[in-house]
1. Please verify whether Gly121 is in contact (Cβ under 8 Å) with a residue 40 or more places away in the chain, surrounded by fewer than 19 Cβ atoms within 10 Å (Cβ to Cβ), of a type outside the set (D, E, K, R) and over 24 Å from Gly197 (Cα atoms), treating the condition exactly as stated.
2. Looking at (1) of a type in the set (A, V, I, L, M, F, W, C); (2) without any contact (Cβ under 8 Å) to a residue 24 or more places away in the chain; (3) crowded, with 23+ Cβ neighbours inside 10 Å, which one does Ala214 not meet, given that it meets all the others?
3. Is there a residue in region 129-137 that is in a loop (DSSP other than H, G, I, E, B), more than 22 Å from Glu89 (Cβ to Cβ) and not hydroxyl-bearing (Ser, Thr, Tyr)?
4. Being in contact with a strand residue (DSSP E or B) (Cβ under 9 Å, 6 or more places away or on another chain), farther than 14 Å from Asp137 by Cα and among the aromatic types (Phe, Trp, Tyr) is the filter here, so list the residues in region 57-110 that pass it.
5. Yes or no: Gly268 exposed (fewer than 14 other Cβ atoms within 10 Å of the Cβ), small (Gly, Ala, Ser), more than 20 Å from Gly204 (Cα to Cα) and touching a residue at least 12 places away in the same chain (Cβ under 8 Å)?
6. What residue, of Glu182, Glu186, Glu178, is farther than 27 Å from Asn44 by Cβ and either outside any loop (DSSP other than H, G, I, E, B) or in contact with a helix residue (DSSP H, G or I) (Cβ under 6 Å, 6 or more places away or on another chain) (or both)?
7. Take the residues in region 43-71 that are touching a residue at least 60 places away in the same chain (Cβ under 8 Å) and not aromatic (Phe, Trp, Tyr), then tell me which one is surrounded by the fewest Cβ atoms within 10 Å (Cβ to Cβ).
8. Tell me whether region 163-172 contains one or more residues that are closer than 19 Å to Gly10 by Cα and at pLDDT 95 or above.
Amino acid sequence: METRALGETGHDSTVMTFGAIALNWLEQEGANQMVELLLDHGVNHFDVAPTYGDAELKLGPKLRQHREEIFLGCKTQEREYEGARRKLERSLDRLGVDTIDLYQVHGLEYESELDTITGGGGALEAIRDAKSEGLVDHVGLTSHGDPDLILDALDRIDDLATVMFPMNPVVAGKDDDEHDYEAVLERADDLDVGTLGIKAFAKGPWPPTDELPAEDRPYANWYEPVDTPTEIRERFDYAAATGMTSVVSPGDPKLVAMVLDAAERYDGMDEDAMRSLVERLRHEESPVPEQLHH
């Protein structure tokens, strides 16, 4: 599988990152098998978070067994020092490892949060302290909020190694500032910051719960995903061809094998094909930024 330099981290990430929330929906045996499958196919970047149910615990056994083969991203939704430190220690404990390769401030949505995170006694200070102690190697940020806010974070946090944000042809077709994640990609590239694409496989928001109750949804994703091999491949190719470092697999375990297949087959997508895909999907309802947050 193709690998790309993840900014200035010194790590070459596979063009697919495993979104380990999928493990939350599996028993331990199934989780072990999924991790083995991904490793057998060369995937070397895994992403998990404490908010993903018991995904950290399910990832733990195989992660410890194959620690050298996995670049591990984890996250915190805490905004202040004490909370971030506590959550980091809890994640290390649940995962059963000594170091997290990439620790990301998760789900940035508001300017006021960015002020708290970057200020004295903020989460960033906690992550930097953890870094100096060897508990964390790199600092990252994730958001599916306003692209301008992510640009602001890139300007204000000079040691950001990666940013994770939506890269999706439906979103690209909206053509306005609120959906301009291409600007984030350009700025990140200029700064040599690694880029991780989420929501690549989002078709759109789920129908309202009175039309489709949550328990009747066929997938565990926050949004309705595309779910045929052709659509998944097309979406993967699009996100990878934008130049993102790596594309994160969606949250439902039933989709992982198809994404893995698309990632292995990836051999580029020309600009005409990308444009026509955006054109075709332009009028679909965008899954970001104003939809459900996780």
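1. Working: in contact (Cβ under 8 Å) with a residue 40 or more places away in the chain: yes; surrounded by fewer than 19 Cβ atoms within 10 Å (Cβ to Cβ): yes; of a type outside the set (D, E, K, R): yes; over 24 Å from Gly197 (Cα atoms): yes.
Criteria met by Gly121.
2. Result: Ala214 passes all but (3).
3. Looking only at region 129-137, we keep the residues that are in a loop (DSSP other than H, G, I, E, B), and these are 133-135.
Adding the requirement that they be more than 22 Å from Glu89 (Cβ to Cβ) leaves none.
For region 129-137, residues in a loop (DSSP other than H, G, I, E, B), more than 22 Å from Glu89 (Cβ to Cβ) and not hydroxyl-bearing (Ser, Thr, Tyr): absent.
4. Matches in region 57-110: Tyr81 only.
5. Details: exposed (fewer than 14 other Cβ atoms within 10 Å of the Cβ): yes; small (Gly, Ala, Ser): yes; more than 20 Å from Gly204 (Cα to Cα): yes; touching a residue at least 12 places away in the same chain (Cβ under 8 Å): yes.
Yes; evaluated as a whole, the condition is true for this residue.
6. Details: Glu182 fails: farther than 27 Å from Asn44 by Cβ; Glu186 fails: farther than 27 Å from Asn44 by Cβ.
Result: Glu178 is the single residue among Glu182, Glu186, Glu178 that is farther than 27 Å from Asn44 by Cβ and either outside any loop (DSSP other than H, G, I, E, B) or in contact with a helix residue (DSSP H, G or I) (Cβ under 6 Å, 6 or more places away or on another chain) (or both).
7. This residue is Thr51.
8. Of region 163-172, the ones closer than 19 Å to Gly10 by Cα are 163-164.
The next check asks that each one be at pLDDT 95 or above; those that pass are 163-164.
The answer is yes, given that some residue of region 163-172 is closer than 19 Å to Gly10 by Cα and at pLDDT 95 or above.
The values are calculated or read from the model by the stated rules, or taken from the named source; none is laboratory data. Fair warning: this is a prediction, and the values are worked out from it, not measured in the lab. Neighbour counts run over all protein chains shown; Cβ positions are idealised from the backbone, glycine included.
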